[in-house]
């Protein structure tokens with residue numbers, strides 16, 4: 001079934017987005033700024049992406065907890081652990097202190113494995129939500145969460161494929177929030193979609209200069 005497309009005029013859409021940008025609480029605005037900054041630094045393969053990211057997921061987790069979205073708050077804890085590991089991993093593997101880390105491809109078998117992992121998490125998580133919660137679209141929500149986990153792991157492991165995962169996740173999220181009449185949230189994910197495309201381009205260029213494949 002195709003998602004419901006809200007019957008909103010262009011002016012109403014921009015008004016929704018503008019209100020979101022100007023009327024959001026300071027903590028929400030800080031969360032947006034930190035998120036965009038963190039992704040921008042990750043595109044540049046800067047290790048500063050990790051401390052910024054750690055602050056960002058902490059703020060996001062606090063926002064989710066205040067809103068009583070406890071599962072989403074716990075998910076931020078996983079991201080925190082991934083970023084902590086990634087910071088240490090990137091520092092250890094950098095040849096020189098100020099040199100960007102090398103980007104790698106996944107081997108074909110690993111790509112299949114990560115895809116299967118994401119799908120298995122989606123099905124398991126979606127089935128649980130369908131049975132135990134009143135989620136409107138349990139499998140779509142599960143897909144976004146599951147492949148966000150996959151994308152985060154691949155990113156801290158310096159695999160180019162992480163940006164492809166984030167492209168797909170952001171496209172699905174845009175459709176989900178747009179169909180729920182949440183134009184502002186869909187707009188934010190559109191920004192992340194653009195950054196993911198830029199990240200894929202930048203990391204691919206880096207990979208062309210130094211081809212690397214990992215299992």
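The values are calculated or read from the model by the stated rules, or taken from the named source; none is laboratory data. Note that the structure is predicted; figures quoted are calculated from it, not measured. Please note: Cβ atoms are built from the backbone with ideal geometry, for glycine as well, and neighbour counts cover all protein chains shown.
What to note about this one:
- Taking the conditions (1) modelled with pLDDT of 80 or more; (2) surrounded by fewer than 18 Cβ atoms within 10 Å (Cβ to Cβ) in turn, residue 10 satisfies each one other than (1).
- Among (1) at pLDDT 90 or above; (2) closer than 25 Å to residue 129 by Cα, the one test that residue 197 misses: (2)
- You will find that of 109, 92, 157, the residue that is over 20 Å from the mean Cα position of the chain (by Cα) and closer than 26 Å to residue 44 by Cβ is 92 and no other.
- Every condition in (1) in a helix (DSSP H, G or I); (2) more than 27 Å from residue 104 (Cα to Cα) is met by residue 181 except one, and the failing one is (1).
- Scope segment 89-124; condition over 24 Å from residue 208 (Cα atoms) and either at pLDDT below 90 or loosely packed, with under 12 Cβ neighbours inside 10 Å (or both); matching residues: 116, 120
- Candidate set: segment 131-168, residues that are touching a strand residue (DSSP E or B) at 6+ places or on another chain (Cβ under 7 Å) and either on the phi > 0 side of the Ramachandran plot or in a helix (DSSP H, G or I) (or both); chosen: the one modelled with the highest pLDDT: 161
- Candidate set: segment 47-84, residues that are touching a residue at least 24 places away in the same chain (Cβ under 8 Å), more than 15 Å from the chain's Cα centre (by Cα) and more than 19 Å from residue 145 (Cβ to Cβ); chosen: the one surrounded by the most Cβ atoms within 10 Å (Cβ to Cβ): 47
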